[in-house]
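Scroll down for the structure; my scribbles are underneath it.
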Amino acid sequence: MTAAGTIRVLVADDHPTVLAGLAAIIGLQRDMTVVGEAADGRAAVALWREQRPDVALLDLRMPGLDGVGAIEAIRAIDRAAKIVILTTFDTDNDVYRAVKAGARGYLLKDAPREALLACVREVHAGATSIPPAVAARLAAAIGSDELTAREHEVLVLLAEGRSNRDIGAVLGIGETTVKSHVRALFAKLDVLTRTEAVSVATRRGLLSP
C-alpha cells in the first residue's frame with residue numbers, strides 16, 4: 001500500500017538498462033514509488049489505465065507507439081494526466097510534438113539526477129517543467145502566426161481571469177466577437193476549458209512567466 005503523499009510514478013523506456021536505472025533512482029526517494037514499468041508505448045498506456053499514476057515518465061522514442069502517441073492515448077482517458085517526456089532528443093519538432101500533445105515536463109536523459117527528480121516533483125505539484133532553452137526554441141517553433149494578434153490579446157486577458165464581457169470592454173469589441181476568438185483559441189490549443197488554455201499556452205511559451 002502506498003503511503004499518503006507519496007508520488008506514484010509510471011516509467012516507460014524501451015532500453016532495459018535505462019528503464020531499470022530510472023526505476024531505481026525513483027524508488028530510492030522517500031516521497032516517490034514506482035507503480036509500473038513499461039518497455040513500449042502501448043504497454044505504458046495499458047499500465048497507466050490500470051495504475052492511474054500521479055506522474056508518467058515516458059521515453060520519446062519507443063517501438064509500436066512512441067511517447068507522443070502514448071501521451072495522446074493517455075490524455076484521451078484523462079486530460080489532466082501529468083506526463084514528463086525524458087529523451088536523448090531535443091530537436092524543435094520533438095519538443096513541439098511532445099508539448100502540444102500535453103507533456104508537462106521535458107527533460108534530456110543526460111540531465112543530472114537532481115533535475116530529473118525535481119521535474120517529477122514540480123509536475124506532480126501542478127507546475128510545468130521545461131528547461132528555459134527548450135522553452136525558447138518551443139516558442140520559436142510554434143511561430144508567431146499560430147495565434148493572431150487579437151487572439152493573443154484575448155489569451156492574455158483570459159490568463160488574468162477576465163470574463164468575456166470584461167475582455168470585450170478592454171479590447172473594444174463585442175462579447176460575441178470575444179466568444180468567437182475564444183473558440184478559435186481553444187481549437188488552436190486543442191483544449192476545452194479556460195484553465196487548460198492558460199496551462200497549455202504557458203507550456204508553449206505563449207504567455208510570459
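Of the residues making up segment 99-127, those that are in a loop (DSSP other than H, G, I, E, B) and surrounded by fewer than 19 Cβ atoms within 10 Å (Cβ to Cβ) are Lys109, Asp110, Ala111, Pro112, Ala125, Gly126, Ala127.
Each residue in segment 51-110 was checked for being farther than 21 Å from Met32 by Cβ and aromatic (Phe, Trp, Tyr), and 2 pass.
Condition check: at pLDDT below 90 and among the hydroxyl-bearing types (Ser, Thr, Tyr). Does Thr2 satisfy that? Yes; evaluated as a whole, the condition is true for this residue.
Scanning segment 182-199 for residues that are in contact with a Leu (Cβ under 9 Å, 6 or more places away or on another chain), without any contact (Cβ under 8 Å) to a residue 40 or more places away in the chain and either crowded, with 20+ Cβ neighbours inside 10 Å or in a helix (DSSP H, G or I) (or both) yields Val182, Ala184, Leu185, Phe186, Leu189, Arg194.
The rows are residues; the columns are (1) farther than 17 Å from Ser129 by Cβ; (2) surrounded by 18 or more Cβ atoms within 10 Å (Cβ to Cβ); (3) within 18 Å of the chain's Cα centre (by Cα); (4) in the same structural domain as Ala115 (by TED's automatic domain parsing).
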residue: Val11; (1), (2), (3), (4): no, yes, yes, yes
residue: Val35; (1), (2), (3), (4): yes, yes, no, yes
residue: Thr88; (1), (2), (3), (4): yes, no, yes, yes
residue: Arg97; (1), (2), (3), (4): yes, yes, yes, yes
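Residues of segment 70-126 that are free of Cβ contacts under 8 Å to residues at least 24 places away in the same chain, touching a strand residue (DSSP E or B) at 6+ places or on another chain (Cβ under 7 Å) and of a type in the set (A, V, I, L, M, F, W, C): Leu108, Ala115. Just one of the listed residues (Arg150, Arg97, Arg75) is at pLDDT 85 or above, farther than 17 Å from Ser199 by Cβ and basic (Lys, Arg), and it is Arg150.
Being modelled with pLDDT of 90 or more, of a type outside the set (Val, Ile, Thr) and either in contact with a Phe, Trp or Tyr (Cβ under 9 Å, 6 or more places away or on another chain) or assigned to a helix (DSSP H, G or I) (or both) is a property that holds for Arg165.
The values are calculated or read from the model by the stated rules, or taken from the named source; none is laboratory data. Since the structure is predicted, the reported quantities are computational estimates derived from the model, not experimental observations. All Cβ positions, even for glycine, are placed from backbone atoms using ideal geometry, and neighbour counts span all protein chains on display.
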